[in-house]
Amino acid sequence: MLEVAASLFARDGLEVSMKAIVRATGLGNSTLYRHYPNRVALAADVLRGPVTAWASAVRAAADSGDDVFASTVRISARHQATSLAIAELVASATQLSADVDAALTGGREAISSALRTAVDAGRVRSDASASDVDLLATAIAGVLRRGDTDPAPQVDRLVDLFLQGIESGREPNSGIVR
């Protein structure tokens, strides 16, 4: 049951219905609801491991190497590319459970710290903020919603464009170019 639910959350995101999970598992409604009173409880159970893995990888990347911000963003994006639900969680303020929320907060704090370090070192433009990273996470979720068989190349390209655009020495855009 959990493997099927994990697959549906990965493909369809956080809004997958309990009805869809019941259909895909072949279980009865009462069986699913006996274990999980609602979709949020099921999502928390299914996503606890993957979200904790994302947060651990992001924290490890933030503590390593020379270009910590770029490596942190790349590691985060690779994990997000594996599951629409993870990408949606990273991009939003959705709350699932205390432990999943704590892991998300820890990962976001690691990314923010890596960003501040990069700004202070002059590697990233001074007007960059955590909101910019949130926009990237939202864009990654958008790529996954398209349903491509292999979204990794599009996610990698998106990350490359983001990192090039946030480099130090680039002036803020004064408006939309038409």
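The values are calculated or read from the model by the stated rules, or taken from the named source; none is laboratory data. Owing to the predicted nature of the structure, the values given are computational and were not obtained by experimental measurement. Here the Cβ positions follow ideal geometry from the backbone for every residue, glycine too, while neighbour counts run over all protein chains shown.
Overview of results
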read-out: When residues of the stretch 52-79 are limited to those that are closer than 13 Å to Arg108 by Cα and within 11 Å of the chain's Cα centre (by Cα), the one surrounded by the most Cβ atoms within 10 Å (Cβ to Cβ); value: Ser76
read-out: Which listed residue is on the phi < 0 side of the Ramachandran plot, touching a Gly at 6+ places or on another chain (Cβ under 7 Å) and among the hydroxyl-bearing types (Ser, Thr, Tyr), from Ser7, Ser71; value: Ser71
read-out: Any hit, the stretch 90-98, residues being in a helix (DSSP H, G or I) and either under 14 Å from the mean Cα position of the chain (by Cα) or charged (D, E, K, R) (or both); value: yes
read-out: Ala85 vs. criteria at pLDDT 95 or above, crowded, with 23+ Cβ neighbours inside 10 Å, on the phi < 0 side of the Ramachandran plot and not in a loop (DSSP other than H, G, I, E, B); value: yes
read-out: Residue in the stretch 120-178 that is modelled with the lowest pLDDT, counting only those that are of a type in the set (Ser, Thr, Tyr) and either over 20 Å from Leu8 (Cα atoms) or outside any loop (DSSP other than H, G, I, E, B) (or both); value: Ser174
read-out: Residue within the stretch 33-40 that is modelled with pLDDT under 95, in a helix (DSSP H, G or I), farther than 15 Å from Ala85 by Cα and not basic (Lys, Arg) present; value: yes
read-out: Residue pairs meeting the criteria (Cβ under 6 Å; at least 6 apart or on separate chains; first surrounded by 12 or more Cβ atoms within 10 Å (Cβ to Cβ), in the stretch 139-164; second assigned to a loop (DSSP other than H, G, I, E, B) and of a type in the set (Gly, Ala, Ser)); value: Pro151/Ala81; Ala152/Ala81; Val155/Ala81
read-out: Arg108 being surrounded by fewer than 18 Cβ atoms within 10 Å (Cβ to Cβ) and of a type outside the set (A, V, I, L, M, F, W, C); value: no
read-out: Any pair with Cβ under 9 angstrom, 6 or more apart, that starts in the stretch 17-40 at a residue that is at negative phi and free of Cβ contacts under 8 Å to residues at least 40 places away in the same chain and ends at one that is outside any helix (DSSP H, G or I) and of a type in the set (D, E, K, R); value: Arg39/Glu15
read-out: Residues satisfying the stated conditions in the stretch 11-50, i.e. basic (Lys, Arg) and within 30 Å of Gly106 (Cα to Cα); value: Arg11, Arg39, Arg48
